1. Give me the pairs, please: first residue somewhere in the stretch 61-76 and under 18 Å from Tyr4 (Cβ atoms), second residue anywhere and open to solvent by 50 Å² or more (accessible area, probe 1.4 Å) and part of a helix (DSSP H, G or I), beta-carbon distance under 6 Å, and either six or more positions apart or on two chains.
2. Can you name every residue in the stretch 259-292 that is small (Gly, Ala, Ser) and either out of contact with any helix residue (DSSP H, G or I) (no Cβ under 7 Å at 6 or more places or on another chain) or without any contact (Cβ under 8 Å) to a residue 40 or more places away in the chain (or both)?
3. Does Arg92 satisfy being on the phi > 0 side of the Ramachandran plot and either among the β-branched types (Val, Ile, Thr) or touching a residue at least 40 places away in the same chain (Cβ under 8 Å) (or both)?
4. Arg327 passes all but one of (1) open to solvent by 20 Å² or more (accessible area, probe 1.4 Å); (2) part of a loop (DSSP other than H, G, I, E, B); which number fails?
5. What residue, among those in the stretch 410-424 that are assigned to a loop (DSSP other than H, G, I, E, B), farther than 13 Å from Ser52 by Cβ and modelled with pLDDT of 90 or more, is nearest to the chain's Cα centre (by Cα)?
6. Which one is farthest from Pro345 (Cα to Cα), of the residues in the stretch 238-278 that are crowded, with 17+ Cβ neighbours inside 10 Å and polar (S, T, N, Q)?
7. Go through Ile445, Ile490 for me and flag whichever is of a type outside the set (Gly, Ala, Ser) and under 30 Å from Arg348 (Cα atoms).
8. Across the stretch 290-324, which residue is nearest to Leu257 (Cα to Cα) among those that are among the polar types (S, T, N, Q) and open to solvent by less than 30 Å² (accessible area, probe 1.4 Å)?
Amino acid sequence: MTRYDLIVVGAGPAGLSAAAEAAAAGMRTAVFDENLKPGGQLFKQIHKFFGSKEHKAKIRGMNIGAELLGEAERLGVEVFLSSPVMGLYKDREVLVRQGDGVCRYKGDAVIVATGASENMLTFPGWTLPGVMGAGAAQTMMNVNRVRPGDRVLMLGSGNVGLVVGFQLLQAGCSLAAVVDAAPRVGGYGVHAAKLARTGVPFYLSHTIVRAEGTDRVTGVVIGEVDGKWNVISGTEKRFEADTICIAVGLSSSTQLLKMAGCEMRDDGAGRLPVCADDGETSIPRVYAAGDVSGIEEASSAMLEGRISGAAAAGALGFITGDALLSRKAELEAALESLREGMFAPKNRGKLPDKTDVGLPVSASLLSRGYLGDAEVFEYPGVKRASGLHPVMECTQNIPCDPCRDACPKGCIKVRGGIVSLPELDEAAGCVGCGLCVAACSGQSIFLVNENAGDGGAEVTIPYEFLPLPEKGERGVALSRSGAALCPAEITDVKLLPAYDKTALVTLRVPTALAMKARFWKREASV
């Protein structure tokens, strides 16, 4: 039997973070993962992360994964791939299938970071080829470089459904609709808004009635639901589609913790391990980190992993005293900042009426996926100003503030913590560098110049689609709802290393439409 100071089960965001933290303290650490490649979900996540600097904000998930792997490698972490852990026992012994055999390993401490699996929804036709989880579609696109289909319907408006929906568009698929039985968008409003402005419709209080087809999906029928989740007769709508993506939540993969005899609790959506603040379960020196202990964002999972890694190092005497207390306090403070705002775990299932500064939460954003043209001016980041200036259509208290440090001139102010809304400082003087537009993880910052001459205005938008438009190319400006507004010519396209693959596309529109135009499409695509 091979012995390690620490054994980590799972090489995803939480597991790799835990391993790196423990190894940095001097622990001999091994990580076991069933997959062919390490990194878990990170290498599927091509979007920029939310949070602050300490949370890897504005860095793409795949790049964070590469950083974590590099850190673990430098610290001497041993990573065993294609090595599913078959058993975990109270004495912290694990059984691992490797090759044709089963090997035994013993850890002085064990951290379980097995993540979660996708939930599925059954309906007539749900077993047809073309029905898949959103995570599976994301794997096909971003790992295997295969388009899941040509025309896709997304069921689920949480962050997974919204993020994968946008990535489907980036991969060249068309998105027929986003459908959700809930009466409001479940994920971040900025995620919904960047889908809506491309023309994707939202059907809330709707669910799938059936998938059509014999040997594959050829269409899908949805219907409106009443207050008891029953489909209302006569409300059916049919869409042409060859793919249905299901994004209806995740379930924590707690099998190993149950096998070990850890005390479990019912959180309403499943059985989760009872854990201390540092992730320690009811079995001493057995920890749970990441989605296995409760579903949150990947940024939270990485911090939970580091907290458990530091706790394991402390329990075994590799880090002690003030150094241990200081490190745990630093990590716990960073984690708690991610758990603030209207999407915090403590607020799950609730809907506040107002933001932290007393502004009403947008009913249009929640029910239709986009802000209304009039209500957008209620928020502190949206103002008319002379000359070029940023417009920040950030209206929800989500844990994200990379715009705070993006502007070298200080045009953007965030008065408060990580969930505070940004506002414009007109006196600072925008120079049009566009760093704020590229830095915004929610793609909700635009540069607007309502006085571009000859009765026209210029609007600079974030753009992450290929092929990029060219200067002088003509197309159509779209509104926040995705409706065609007017012809629009591209006047500038910038793609700098500092923008990290987010192009800045400037379009010319009539001055009266400067605060409405938020996307651009080629004429043939509209």
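The values are calculated or read from the model by the stated rules, or taken from the named source; none is laboratory data. Note that this is a predicted model, so its numbers are computed, not measured. A quick note on method: Cβ atoms are made from the backbone with ideal geometry, for glycine too, and the neighbour counts reach across all protein chains shown. Side chains are part of the model used for accessible areas, which takes the heavy atoms of the whole protein and leaves out ligands, DNA and RNA. Shrake-Rupley method; radii C 1.70, N 1.55, O 1.52, S 1.80 Å.
1. Within 6 Å, the pairs are Leu75/Ala24.
2. Ala260, Gly261, Gly268, Ala269, Gly270, Ala276, Ser282
3. Yes; evaluated as a whole, the condition is true for this residue.
4. Of everything listed in (1) open to solvent by 20 Å² or more (accessible area, probe 1.4 Å); (2) part of a loop (DSSP other than H, G, I, E, B), Arg327 misses just condition (2).
5. Filtering the stretch 410-424 for residues that are assigned to a loop (DSSP other than H, G, I, E, B), farther than 13 Å from Ser52 by Cβ and modelled with pLDDT of 90 or more, the one nearest to the chain's Cα centre (by Cα) comes out as Leu421.
6. Taking the candidates together, the pick is Thr243.
7. Of Ile445, Ile490, the one residue that is of a type outside the set (Gly, Ala, Ser) and under 30 Å from Arg348 (Cα atoms) is Ile445.
8. Only one residue fits best here, namely Ser293.
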